[in-house]
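Only one structure is covered here, and it is reproduced in the block below.
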Protein chains: 2
Amino acid sequence: MTITQAAPPGVATSAAGRFTLSAQALDSAVTPNAVFRDWFDAQRRTNRYDVRRIPFSELVGWHFEDATGNLVHDSGQFFSVEGLSLRTEWDGHEHSWSQPIINQPEVGILGIVVKEFDGVLHCLMQAKMEPGNVDTVQLSPTVQATRSNYTGVHKGAAVRYIEYFTPPRARSRVLYDSLQSEQGSWFLRKRNRNMLVEAVGDVPPHEDFVWLTLGQINQLLYESNVINMDARTVLSMIPALTGSGPSLHSTEHVLSRLTEIKARRQLVQRTIPLNRVQRWRRTDHEIVHDTGHHFTVIAASVAAANREVKSWTQPLLAPAEQGLSAFLIRRIGGVPHLLAHARSEAGVLDVAELGPTVQCQPGRALSLPRHQQPRYLDVVLGADPGRLLYDTVQSEEGGRFHHAGNRYVLMEVGEEFPLDVPEDFTWVTASQLSGLVRHSNYLNVEARTLLTGLRAAWSLGGVYA
Amino acid sequence: MTITQAAPPGVATSAAGRFTLSAQALDSAVTPNAVFRDWFDAQRRTNRYDVRRIPFSELVGWHFEDATGNLVHDSGQFFSVEGLSLRTEWDGHEHSWSQPIINQPEVGILGIVVKEFDGVLHCLMQAKMEPGNVDTVQLSPTVQATRSNYTGVHKGAAVRYIEYFTPPRARSRVLYDSLQSEQGSWFLRKRNRNMLVEAVGDVPPHEDFVWLTLGQINQLLYESNVINMDARTVLSMIPALTGSGPSLHSTEHVLSRLTEIKARRQLVQRTIPLNRVQRWRRTDHEIVHDTGHHFTVIAASVAAANREVKSWTQPLLAPAEQGLSAFLIRRIGGVPHLLAHARSEAGVLDVAELGPTVQCQPGRALSLPRHQQPRYLDVVLGADPGRLLYDTVQSEEGGRFHHAGNRYVLMEVGEEFPLDVPEDFTWVTASQLSGLVRHSNYLNVEARTLLTGLRAAWSLGGVYA
């Protein structure tokens, strides 16, 4: 068992080199895998939420506004469920619809503290309970806090380790820092601040937190529902580490293709009162589309022991079915390229972001006429399992979403797969995507989870491929 | 007189090198300066608009919506004047207001065709009439077209040279291409697609267009109201060419500072009916703030000869006074650094963009109590003229704004000027700003005009400094 490794000369001076070393450490004396497993099992055993669906009328602190029907918190804080009306035009096809959407116009912090032990970077991960999680406890970033959380609107305990992320940051230095979008079909222009900071000096321990190497985390990424969405998106800022080489298109060209889509595709978003949304109806217990597809908005009562606030009620968004997000990967000139799709989701900040090749709710997608089904869905669903580099169900944010599982797939295709793709698709290398993640709103959250999965797959190649 | 120059070996292979060469060409056999001057004078003499202010009731094709009071086009196209309600919180200070704002949810094209003549790049510039321009005709990009323009909603003539910018672009290749923001105080999340393309093969001439070198354009940038806003922003995508060297802060650090502002500064924007805007009133002739500050919305009747549509009426936004936009520039380790300010303007897409050190309407600013006046305004207003690298009045988009003049200033400060600045300011090199302009919504339009002015000042250093 390799616990730590000496740095090859020259490698460990850059952040990328140091993370490479951490990815190679598949176990660690700081938190040996067996110790982690016992600790995590105990966390899951002892920390449970009693989550009960309740009628909207039993929500405490939340109400439907008279004039609009919007579902809001009495304080005007946290988030609200409003209506969004959309009109799109692309390639001569017009499309209009309206839907409920979560409006949370504030930026939280998702941040991981890293620190070297015996020359190897470790990430400080938290066992965090979220009401919508399948197994209640998942591993989250060191800090996962809404602005209301960390500025005290919750009236709960102070957010542990927040001082590593907010000025003056006397005990840390910032490695990566950018705003990144979250689920565009469910959130209106939502972003969180994703940060990786390196601690300077000792970090006080706490029983709900563990230090893990990137190699340990990469292995956990092959299990379902262990590494939560917030951790996966922060980890996506770490460079891909391998798979580099000349790209089919220059980054200028990739940006220009995305600009072309943003300029030509019309997307007019307009917030409307929730009671003006068409084809959705509100019952005592849920807000639901008349087809039953998409998602429902429900109310839940949550009771627990070790969280900032001991018990509460809140709305949650429950997807109608498990989602599918998949990147097709093809070697071009020997270099792996991902097939990215410029997606316009309802709540997107800026017309389109690069998403996976396929991203949909497959049940609904397959119910559509063939020509309206997502491009390449058949390729992914018909895949030879031997082609799948990564195929794991992960869940989305359990603080807002109830049992929101997504099947994440990385699929290799051969040289028979055509390079010529429709104009809203483009081939990019992992290194190009890593460059774009330094900026906001280029990659959607599903693409970022897959980028994190890809780095894991490549790092573990010998073991897991 | 240098007309063209041979490229020094190796310089002219990169786009930056080729533009450097073009900047060194202060005159050109293709359009000699004297010929340009005669042509431009003739354009201004023969192409005039009769622009008359009219009461709103005389607008044709425009009306105030009953329910909202929004000023809209009967077709639902073009743009509308709506209300925007804002709430900001920064550094413990809350601020709320509402205002009229122009909503134009479509992306136009601002594009310049470039082509080598005798080995030197020339830009194809158009003499364009705009109703709000002080001298009616200014030099615009080759193409300056709203989406309605180039997709034919205007029912006017086809946009000349548009085929160099829209797919399949058989006769051009893209050099630079990105969406860039426009006036955030006046427009709701407005962007245009800024493009520089190089023509492949001959370009058919037209009497309203001329080929100019970057050196010729740079000289014209020292005159008022010749190079229009749309041209200035497209030109800002050309790298700074000089002034490079080590920066005080890494680009990661600059991005992190901006992310910090975006995460901590609250900016909640909500479109509201125009008739719900507070402290603004609508008369028969204008919509005006009760202090008379900021701007008015007016109606104009426009008659002309050589435009896509021969005569029309439209709303225009008329600023209450001439604006001031200034960058302070200080050498740090011998390398010039600009002092950028993270500004949150009402209609900004993403909380804040980097703007000039000072950007305000000085009359209004000086009417405020001293502690509320813009930081560094006194430094700019008290400047020794010998410190001014650039000091020219330019006007903003004459298609939407009536006589919107801005004084643009680049001012050198000495080493006595403190490096320590408030946290919403940061020192950046021109080369760092050029890197950011490859992406959207990092630099506001006033900063981009000044970046274009700075390249002109540096290129012409010997002549104009």
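The values are calculated or read from the model by the stated rules, or taken from the named source; none is laboratory data. Note that the structure is a prediction, hence the values are computed from the model and not measured. Quick reminder, even Gly has a Cβ in these numbers, built from the backbone with ideal geometry, and neighbours come from all protein chains shown. When the accessible area is computed, the model is the full protein with side chains, heavy atoms only, and any ligands, DNA or RNA have been set aside. Shrake-Rupley method; radii C 1.70, N 1.55, O 1.52, S 1.80 Å.
At a glance:
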| quantity | calculated |
| --- | --- |
| Residue count, segment A:424-445 (criterion: assigned to a loop (DSSP other than H, G, I, E, B) and within 14 Å of chain B (Cβ to nearest Cβ)) | 6 |
| Which numbered condition A:Glu163 fails, given (1) more than 12 Å from chain B (Cβ to nearest Cβ); (2) over 30 Å from B:His253 (Cβ atoms) | (2) |
| Helices (runs of 4 or more DSSP H) lying entirely in segment A:195-273 (those with 2 or more residues that are of a type in the set (D, E, K, R)) | A:229-235, A:251-264 |
| Filter pass, A:Ser395 being of a type in the set (S, T, N, Q) and more than 26 Å from A:Asp384 (Cα to Cα) | no |
| Search result, residues across segment A:427-440 that are open to solvent by less than 10 Å² (accessible area, probe 1.4 Å) and among the polar types (S, T, N, Q) | A:Thr429 |
| Residue within segment B:408-423 that is at pLDDT 95 or above, within 30 Å of B:Ala299 (Cβ to Cβ) and away from chain A (no Cβ under 14 Å) present | yes |
| Condition check for B:Gly363: away from chain A (no Cβ under 14 Å) and over 27 Å from B:Leu26 (Cβ atoms) | yes |
| Cross-chain or 6+ apart pairs with Cβ under 8 Å, segment A:37-63 first and open to solvent by 80 Å² or more (accessible area, probe 1.4 Å), then assigned to a helix (DSSP H, G or I) | none |
| 1 or more residues surrounded by 15 or more Cβ atoms within 10 Å (Cβ to Cβ) and aromatic (Phe, Trp, Tyr): qualifying strands (runs of 3 or more DSSP E) within segment B:306-398 | B:311-319, B:323-332, B:388-395 |
| Of all residues in segment A:229-252 being buried (at least 17 other Cβ atoms within 10 Å of the Cβ) and over 23 Å from the mean Cα position of the chain (by Cα), the one that is nearest to the other protein chains (Cβ to nearest Cβ) | A:His249 |
| Those residues of segment B:78-123 which are small (Gly, Ala, Ser), within 13 Å of another protein chain (Cβ to nearest Cβ) and open to solvent by less than 10 Å² (accessible area, probe 1.4 Å), in sequence order | B:Gly108, B:Gly111 |
| Matching residues, segment B:51-86, being of a type outside the set (Phe, Trp, Tyr) and touching a helix residue (DSSP H, G or I) at 6+ places or on another chain (Cβ under 7 Å) | B:Thr68, B:Gly69, B:Asn70, B:Leu71, B:Gln77, B:Val81, B:Glu82, B:Gly83 |
| Residue match in segment B:152-159 (condition: part of a strand (DSSP E or B), away from chain A (no Cβ under 12 Å) and either surrounded by fewer than 24 Cβ atoms within 10 Å (Cβ to Cβ) or not β-branched (Val, Ile, Thr) (or both)) | no |
| Residue list for segment B:399-410, filter: open to solvent by less than 10 Å² (accessible area, probe 1.4 Å) and in contact with a strand residue (DSSP E or B) (Cβ under 7 Å, 6 or more places away or on another chain) | B:Phe401, B:Ala404, B:Tyr408, B:Val409, B:Leu410 |
| Residue match in segment A:276-292 (condition: open to solvent by 50 Å² or more (accessible area, probe 1.4 Å) and within 14 Å of another protein chain (Cβ to nearest Cβ)) | yes |
| Pair list, Cβ under 6 Å, 6 or more apart: segment A:412-430 residue touching a residue at least 40 places away in the same chain (Cβ under 8 Å), other residue open to solvent by 70 Å² or more (accessible area, probe 1.4 Å) | A:Glu412/A:Arg387; A:Trp427/A:Leu248 |
| Pair list, Cβ under 9 Å, 6 or more apart: segment B:338-352 residue within 12 Å of chain A (Cβ to nearest Cβ) and closer than 17 Å to B:Ser96 by Cα, other residue part of a loop (DSSP other than H, G, I, E, B) and among the β-branched types (Val, Ile, Thr) | B:Val351/A:Val107 |
